[in-house]
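The values are calculated or read from the model by the stated rules, or taken from the named source; none is laboratory data. No experiment lies behind these values; they were computed from the predicted model shown. Using ideal geometry, Cβ is built from the backbone for each residue, glycine included, and neighbour counts are taken over all protein chains shown. Each accessible area value is taken on the protein alone, full model and side chains, heavy atoms only, with ligands, DNA and RNA left out. Shrake-Rupley method; radii C 1.70, N 1.55, O 1.52, S 1.80 Å.
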Amino acid sequence: MGLQRWVAGVAVVLFFLKLAAYYLTQSVAVLTDALESTVNVIAGFVALYSLHVAAKPRDEDHPYGHGKAEFLSAAVEGALVLMAGMIIIYEAITDFINPHPLVKLDQGIYIVAVTAVVNFVVGAICIRRGKLNDSMALQAGGRHLQSDTYSTAGIIAGLVLIRITGMVWLDGVVSLIFAGIILYTGYHILRKSVAGIMDEADLQLLQEMVAYLNANRRRNWIDLHNLRVIKYGGLLHVDCHLTVPWYLNVVEAHAEIDALTALIRGRWGESVEFFVHTDACMDFSCRICMKEECAVRKHAFETRVEWTLKNVVRNKKHEAPVAASPREQLHIEFPGHDAPGALRPNR
């Protein structure tokens, strides 16, 4: 949270610098930068408050903690960025209709260049710290600061071009171009925050976790299904069903859960919360069970079912694949059997 206080303070300073550059130059492109800095200031303080809320421990009213406050913070920031982009478009169009001369471009360029360097450095620090702490608010703020840097660099290039050519109308063109970039950035931040609020599945995280568990399976882990992973701020919530041999006692079954827990925490850190339900194996489980020394086996082992994202997230125990009938095999081998000259099954 100390970093976010620092970011908020820097945003205030940069905002006033850009505002000074706008009053010096009367450039709509510089106003574009100043408006985005206004968003930085507001978003910085909103993110600071959200981190304060997210850091609170769970309580009776919030059994999963307060981590989702960070998603709300990112949603506010995304909405503000979108609003800034629309205001910039309005100002650029107004400037096209009623153009005015630009003054003191040299001084404005120097001031804006300094703010770009500071924004890039602060944004990089926020992103790195946000990834380390798994903080949505810090990462969103860092990406916004760096996108501000890129837009500022383009604005500087436009101002230099105007200074060289004297084409004042380029000021509005530059503003419109970077308004589009700002709108895209705002949409991206808002989309990600809404996904977090709605508990949208992180498919990349799920695929990595399933592949890791599949490569490190224990003999008593007959199948894994109904896997769900949800992020609450820095906390990762893992919910799944683990099928184990039916004859394990409570202590032995719990030992398998502990092994699964240790495996995931060893890969994704200690900030993981588990709700693992154990299922007893059924008769059909024998065909996919790789425990050779099982004394109560009723069917011979047939095949190992590889755990994939598709079969692990389903709320259904795994079974051995059913062999296709001769007719089905023929249809599979010759999918175009009704085409002229194709082989057809006997009827």
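Summary of the geometry: segment 87-155 and segment 285-304, compared by the centres of their Cα atoms, lie 62 Å apart.
Length gained on full extension, Glu270 to Asp61, computed as 0.36 nm times the residue gap minus the Cα-Cα distance: 72.8 nm.
The label-point distance for Asn133 and Val13, in a model that sets each label 7 Å from Cα toward Cβ, rounds to 2.0 nm. Look at the alpha carbon pairs under 8 Å that are at least 6 residues apart: their mean separation over the length of segment 157-286 gives a relative contact order of 20 percent. Highest mean first, the peptides 117-129, 175-187, 207-219 sorted by other C-beta atoms within 10 Å per residue fall in the order 175-187, 117-129, 207-219. When only alpha carbons of segment 92-136 are considered, Rg and Dmax amount to 17.7, 49 Å.
Run the simple label-point estimate for Arg297 and Leu203 please: 7 Å along Cα→C-beta, distance reported in nm. Roughly 3.8 nm, to one decimal. Heavy-atom accessible surface of Lys317, to the nearest 10 Å², is about 50 Å², with a 1.4 Å probe and all protein chains retained. For the pair Leu248 and Ala124 in one chain, pulling the backbone fully straight at 0.36 nm per residue adds 39.6 nm over the alpha carbon distance. So if R0 is 35 Å, what FRET efficiency would Gln107 and Val194 give, r being the distance between their Cβ atoms, rounded to the nearest 0.05? FRET efficiency, Gln107 to Val194: 0.25. Amide H to amide H distances under 5 Å link Val168 with no residue, where only residues 5 or more positions off or on other chains count and H is placed in the peptide plane.
Each peptide in 5-17, 294-306, 255-267 receives the mean, over its residues, of other Cβ atoms within 10 Å, and ordering these scores from highest gives 5-17, 255-267, 294-306.
Using the Cβ-Cβ distance between Phe96 and Tyr187 with R0 set to 22 Å, the FRET efficiency from 1/(1 + (r/R0)^6) comes to roughly 0.35.
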